[in-house]
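The values are calculated or read from the model by the stated rules, or taken from the named source; none is laboratory data. Nothing here was measured: the structure is a model prediction, and the numbers come from that model. When we count neighbours, we look across all protein chains shown, and the Cβ atoms used for this are built from the backbone with ideal geometry, even at glycine. Just the protein is used for accessible areas: all its heavy atoms, side chains included, with ligands, DNA and RNA removed. Shrake-Rupley method; radii C 1.70, N 1.55, O 1.52, S 1.80 Å.
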Amino acid sequence: MAAAGLASAQPGGAPIRLLVGFPAGAGSDNIARILADKLKDQLGTSIVVENRAGAGGQIAAQALKAAAPDGHTLFLSHDHSIAILPQVIKNPGFNPAADFTPVAGFATFANVLAVSGGTPARTIQEYVRWVKTARGGKDTIGVPAPGSIPVFLVQLIGQKYGIDVQAAPYRGSAPMTADMLGNQISSGIASVPDFIQYQKDGHVRIVATIGAKRDPLLPQVPTFTELGFDNLRDYPWYGIFAPAGTPQPFVDRFGAALQKVLAMPDVKQKLTDLGLNVAYEPQGQFAGRVRTYTQTWEKIIRDSGFRPL
């Protein structure tokens, strides 16, 4: 089976399915299509982006687990589906450590706090002061999904600044940002790719980012680390996963092709424009990142008192 899978991944072979856990047009889908367009030339076979949208990537992750480990099915995922979902859902239907093989990482990004144009705040300190004076110390902060990293960031912000802020879960970042643009909510937490264009247009103002260093796309915006949040240094990431048991020669071959694609100036520019910090990570390095990141958020989630949904 392994030999057959590797053979059919040669020029003229069967296509490779690239699962994406979000709908067409969403950030992950756009990223997948940029990569797939170039990977097909490197691998000599077509790459079919397959949207298995729903439940924050849970449906796509379950589909990866069910797929044969023959080199024909991969999963393009960010940190939430792999590192966070299994900790916040009682029965996710998959165990990343046992069911998946990390193939390679290709980008990091930052989750950020942004305020809508309807608020006067331009910094997180001004936002906190506005909540205390104009909102009686209470506010609602939009988040893209229940049980996501932004939910726990809301809690940490409230604890740090002594304000009563509650997370308002949406079904994705698109409806959340739409309410921010319409000034239905005063603030939201999502990723740089979700906000970057609205930031450039002046419709929202990003006031803090995750990470040990300032985001290259937002050099004027302080990190949560600068603001005294010591446990928010690790960046969220994007990477490729395969079913456990996928032959190592295919993993190596796909990783090498991905590295070449990421080095292409047009690809790097397109991904950077989407708010990503592009950097290829080989299998071992990426697996270590996933493991460390999962452990960091395991402690934050446990200390929050969050009960799995």
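Only Cα pairs under 8 Å and 6+ residues apart enter the sum, and on that basis the relative contact order of the chain stands at 25 percent.
Positive contributions from Lys and Arg (+1) and negative ones from Asp and Glu (-1), summed over other residues with Cβ under 14 Å from the Cβ of residue 143, come out at -2.
What number, rounded to the nearest 500 deg cm²/dmol, is the helix-based mean residue ellipticity at 222 nm of the chain, given -39500 (n - 2.57) per DSSP H run of at least four residues and division by all its residues?
Using -39500 (n - 2.57) per qualifying helix, the result is -12500 deg cm²/dmol.
Per-residue Karplus couplings for segment 43-48, computed as 6.51 cos²θ - 1.76 cosθ + 1.60 with θ equal to phi - 60°, are listed in order as 9, x, 8, 6, 10, 9 Hz, Gly and Pro entered as x. Compared with the dominant Cα axis of the chain, that is its longest principal axis, helix 149-161 is turned about 30°. Summary of packing: across the peptides 214-224, 74-84, the per-residue average of other C-beta atoms within 10 Å ranks them, highest first, as 74-84, 214-224. For residue 65, list the aspartates and glutamates whose Cα falls under 13 Å from its own Cα; do not include residues on the same chain fewer than 8 positions away. Cross-link targets: 99.
Counted over the chain, the DSSP beta bridges are approximately 55% antiparallel. With the simple spin-label model, which puts each label point 7 Å out from Cα in the Cβ direction, the residue 212 to residue 89 separation comes to 3.1 nm. Amide H to amide H, with H built 1.01 Å from N, residue 224 comes under 5 Å of 209, 210, 211, counting only residues 5 or more places away or on other chains. The alpha-carbon atoms of segment 218-263, seen along their principal axes, cover 45, 26, 10 angstrom, with the largest extent given first. A convex hull fitted around the alpha carbon atoms of the chain yields 114 Å³ per residue.
Remark: segment 232-247, residue by residue, has Karplus-estimated 3J(HN,Hα) of 10, 8, 6, 7, x, 9, 10, x, 10, 10, 10, x, 4, x, 4, x Hz, where x stands for each Gly or Pro and the curve is 6.51 cos²θ - 1.76 cosθ + 1.60 at θ = phi - 60°. The value of relative contact order for segment 154-218, using C-alpha pairs under 8 Å at least six residues apart, is 19 percent.
Annotation: amide H of residue 19 within the under-5 Å range of 50, 74, 75, 76, sequence separation 5 or more or interchain, hydrogens built in the peptide plane.
As a ratio to 2.2 N^0.38 Å, the alpha-carbon radius of gyration for segment 17-129 is 1.31. Using C-alpha pairs below 8 Å separated by at least 6 residues, the relative contact order for segment 68-177 is 21 percent. Extension gain for residue 159-residue 66 works out to 29.4 nm (0.36 nm per residue, less the C-alpha to C-alpha distance).
Kindly identify segment 107-242 as rounded, prolate or oblate by the Cα gyration tensor criterion: order the square roots of the eigenvalues as a ≥ b ≥ c, call it rounded if a/c is under 1.5, otherwise compare a/b with b/c, prolate if a/b is larger, else oblate. Note, shape of segment 107-242 comes out rounded. Against the chain, whose longest principal axis is taken from its Cα atoms, helix 192-201 shows a tilt of about 60°.
Quick one: how many Å² of residue 281 are accessible to a 1.4 Å probe, rounded to 10? Rounded to the nearest 10, the figure is 20 Å². The local environment of residue 308, defined by Cβ-Cβ distances under 14 Å, has a net charge of +2 under the rule Lys, Arg +1 and Asp, Glu -1. Here the ratio of the Cα radius of gyration of segment 113-187 to 2.2 N^0.38 Å is 1.01. Straightening the chain between residue 97 and residue 233 buys 46.7 nm, computed as 0.36 nm per residue apart minus the Cα-Cα spacing.
Please give the helix 248-262 orientation as an angle from the longest Cα principal axis of the chain, in degrees from 0 to 90, rounded to the nearest 10. The two axes meet at around 60 degrees.
Remark: spin-label model distance residue 259-residue 244 equals 2.7 nm, labels positioned 7 Å along the Cα→Cβ axis. Taking Cβ atoms as reference points and 14 Å as the exclusive limit, the residues near residue 43 contribute a net charge of +2, counting Lys and Arg as +1 and Asp and Glu as -1. Cβ-Cβ distance of residue 285 and residue 184, R₀ of 45 Å, FRET efficiency by 1/(1 + (r/R0)^6): the value works out to about 0.60.
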